[in-house]
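Reading through the structure tokens given below for one structure.
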Amino acid sequence: MKNNYSIDTVHAGAKREKSDHAITESIVQSSTYTFEDSQDLCNFMDAAALGKADGRVEYGRYGNPTVAHAERRIAALEGASDCVLCGSGMAATTITLLALLSVGTHVVITDDSYRRTRQFCRTFLKRFGVPCTVVPAGDYDAIESAIQPETKLLVSESPTNPYLRCLDLERFAEIGRRHKVYTLIDATFATPLNLRPLEYGIDLVVHSATKYLGGHNDLMAGAVCSNEQLTGLVRQLLGVIGAVLSPQEAFLLIRGLKTLGLRIARQNENGQRVAEFLENDPRVVRVWYPGLESHPEHAIAKEQMSGYGGVVSFETTGGLNEASRLVDSVNIPYIAPSLGGVETLIEQPSLMSYYELEPEERLSMGIKDNLVRISTGIEDTNVIISDLEQALAKI
Ligand SMILES: *Cc1c(COP(=O)(O)O)cnc(C)c1O
């Protein structure tokens, strides 16, 4: 496995000297910014036109100092030259797609990408004259043959939800490079501590910072990391669309980032141990976790990742009701969507994200009724496991 733990999440990307000699970044709660006189304004405008305003902005939709501190920290963790933060993960994804695509272009997206991202591509982008082709994840020939002369972007995710499928990023990036098509990876489940897609030649990385990066289930944010040419396009459109992150949220995100290293170390351990425990339990039919040798992409995950994360999916014996009985019998995990926070969460995808679909439709999308997803938090591993043990006995 790779070792990314040497990244120091307390200090990476932070300025040593902060305002007013504080140890923390300050929350700049301001919608507008002032100028000393007309000359000061003109100087700023001239500098901004040349991209030399040195972080100064004139209005809150174009930037905020607290948000900028959070952006620098995430860029440093990701090994990116720049990061743009938005008000949610979906804002980050959709604004990036809108910034890069235009009528007449085409997108290729893998079928296990985040459901709302797929929906955005298939319905909204189509309405604006941007068709998309959905291809099976892990089928590199299908990805390649879906590329047309109009194709501008390949979109995928690693690890994916709910089966934690892992993409060979080097191969994916190489296909993009050979066809002169941008590659975008949603790496929310991995975090930059477990996987850094830019190192494999991926062009853009998106995170729902609502999940691990924030880490406390108390904020929504989204990040786009890339080179300054591409983040510049995203930032420009964000300033028009206005789905900006608030300074309060940015502060909470910074606070969360400082403990990311500790949290991910614990969540990697909790994920691995819970997966191993479940795999050895007769009431569990199958476990999906990239850290298990039984996982179809274990080899590629082992090569490219430095940890496998806190999310484990598994199938119980029986069907919908047996899985529900397990979910209803646990004491520690909360029943809730989302993942990556300090609290362990549990859910049945068939009743959560896919509830409105008919059972056959869900199944055709690979969502089985007996599937349970657990996002381990930072609780004591033994406590989570003994809770699961007593709940399994109630199936
Ligand atoms: C949650 C999530 C998103 C969407 O992020 P929000 O912050 O909820 O808008 C996108 N991709 C993945 C993989 C996610 O888990």
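Values quoted throughout were computed directly from the atomic coordinates according to the rules given, and no laboratory measurement underlies them. Keep in mind that what you see is a predicted model, and the values were worked out from it rather than measured. FYI the Cβ positions are ideal-geometry reconstructions off the backbone, even for glycines, and counts take in every protein chain you see.
Note on the stretch 63-132 and the stretch 187-254: Cα centroid distance 9 Å, given to the nearest whole angstrom. For the chain, the number of Lys pairs with C-alpha atoms closer than 16 Å, counting only pairs eight or more positions apart or on separate chains, is 6. Look at Thr24, Thr151 and count the other Cβ atoms within 10 Å of each Cβ; fewest to most, that gives Thr24, Thr151.
Taking 20 °C and 1.002 mPa s as conditions, the chain diffuses translationally at an estimated 98 µm²/s according to Stokes-Einstein applied to its Kirkwood radius (Cα pairs). If R0 is taken as 35 Å, the Cβ-Cβ distance between Ala265 and Gln29 corresponds to a FRET efficiency of 0.55. Extending 7 Å from Cα along the Cβ direction at Lys15 and again at Leu351 yields two label points whose distance is 5.0 nm.
A simple count of charges around Asp139, restricted to other residues whose Cβ falls under 12 Å of its Cβ and scoring Lys, Arg +1 and Asp, Glu -1, yields -3.
Just order 222-228, 338-344 by mean Cβ neighbour count inside 10 Å, highest at the front, would you? Don't skip to the answer; put the middle values down first.
Working: 222-228: 23.7, 338-344: 21.6.
Answer by packing, highest mean first, reads 222-228, 338-344.
Only beta bridges with both residues in the chain are counted; by DSSP, about 55 percent of them are antiparallel. Compared with the direct C-alpha span, the chain from Lys2 to Asp40 gains 8.7 nm at full extension, assuming 0.36 nm per residue. Extension gain for Glu343 to Leu363 (0.36 nm times residue separation, less C-alpha to C-alpha distance): 4.3 nm.
What ratio of Cα Rg to 2.2 N^0.38 Å holds for the stretch 260-392?
On the way: Rg = 14.2 Å, N = 133, 2.2 N^0.38 = 14.1 Å.
Cα Rg divided by the expected 2.2 N^0.38 Å: 1.01.
Using θ = phi - 60° in the Karplus curve 6.51 cos²θ - 1.76 cosθ + 1.60, the 3J(HN,Hα) couplings for the stretch 258-266 round to 4, 9, 4, x, 5, 5, 5, 4, 5 Hz; x is entered for Gly and Pro. Which Cα, out of Ala47, Ile7, Val130, lies furthest along the positive dipole direction of the stretch 1-134 (beta carbon charges, K/R +1, D/E -1)? Result: Val130. Highest mean packing comes first when the peptides 136-148, 105-117 are listed by Cβ atoms within 10 Å, giving 105-117, 136-148. Each peptide in 181-193, 121-133 was scored by the mean count of other Cβ atoms within 10 Å over its residues; highest first, the order is 181-193, 121-133. Here the residues Tyr59, Tyr308, ranked from fewest to most Cβ neighbours within 10 Å of their Cβ, fall in the order Tyr59, Tyr308. A dipole drawn for the chain from +1 and -1 charges on Cβ atoms has a positive end, and of Leu164, Leu257, Ala75 the residue lying farthest that way is Ala75. Given R0 = 35 Å, the distance between the Cβ atoms of Arg115 and Asp380 translates into a calculated FRET efficiency of 0.60.
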